[in-house]
Amino acid sequence: MALLRSHALPSVGIGAGVGRGGFGDSRCGNYVCAPTSPGLKIDLLMEEKLVLATTDSGAEGAEVASYIYMDWGADFVLHHDLNFSDVTPYLSFDLGSLALSYVLASGGSGYFRMSAEEHTAAGQLHLVLDMPQYSYPVYAVEICKC
């Protein structure tokens with residue numbers, strides 16, 4: 001869910017989100033937080049790093065005025081809140097590509113997958129050094145007769 005907070009009305013938020021389905025008719029799905037249940041085969045597909053990146057080459061941290069919060073799942077929320085308890089972003093997303101597009105178009109900073117390195121190579125994003133990095137595992141989950 002993307003949540004926009006107005007600087008003029010900080011107690012008012014506008015939300016929008018993209019629905020996420022379950023298995024439906026499919027017998028396999030990709031998850032960042034793998035469900036644990038009998039009858040599921042779970043395999044680690046890859047593990048990425050989430051890094052703080054910004055459009056401002058001189059930034060030294062999660063500058064509150066331009067920080068965009070991307071909800072990367074329960075583990076990220078826990079560790080992020082421990083490290084950034086004093087940061088209250090005015091905009092949050094739960095869809096990484098949307099958050100990245102917003103930051104690239106409007107400026108700002110946020111935690112993104114290292115696979116966004118094409119944007120750092122092009123000079124559109126800059127990694128903020130000496131900031132926490134977080135693990136981002138992606139699992140394949142398949143219904144099986146285990």
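When each of M114, M131 is scored by the number of other beta-carbon atoms lying within 10 Å, the sequence from fewest to most is M114, M131.
Stretching the chain fully between E142 and S85 yields a gain of 16.9 nm (0.36 nm per residue, less the alpha carbon separation). Fewest-first ordering of S66, S57, S115 by other beta carbons within 10 Å of each residue's beta carbon gives S57, S115, S66. Within the range 44-146, antiparallel bridges make up roughly 75 percent of the DSSP beta bridges whose residues both belong there. Distant-in-sequence amide contacts of G108, defined by a placed amide H-H separation under 5 Å and a gap of 5 or more residues or a different chain, comprise T55, D56.
A Förster radius of 41 Å combined with the Cβ-Cβ distance from D56 to S135 puts the calculated FRET efficiency at roughly 0.95. The local environment of Y139, defined by Cβ-Cβ distances under 12 Å, has a net charge of -2 under the rule Lys, Arg +1 and Asp, Glu -1. Each residue of the range 104-112 is assigned a 3J(HN,Hα), and the resulting list reads 5, 7, 10, x, x, 9, x, 8, 9 Hz, derived from the Karplus form 6.51 cos²θ - 1.76 cosθ + 1.60 (θ = phi - 60°), x at Gly and Pro. Residues with beta-carbon under 11 Å from that of L100, excluding L100: net charge, scoring Lys, Arg +1 and Asp, Glu -1? After counting each charged neighbour, the total is 0.
Every number in this text was worked out from the coordinates using simple rules, so none of it is lab data. Since this is a predicted model, take the numbers as computed values, not measurements. We place every Cβ from the backbone using ideal geometry, glycine too, and count neighbours over all the protein chains shown.
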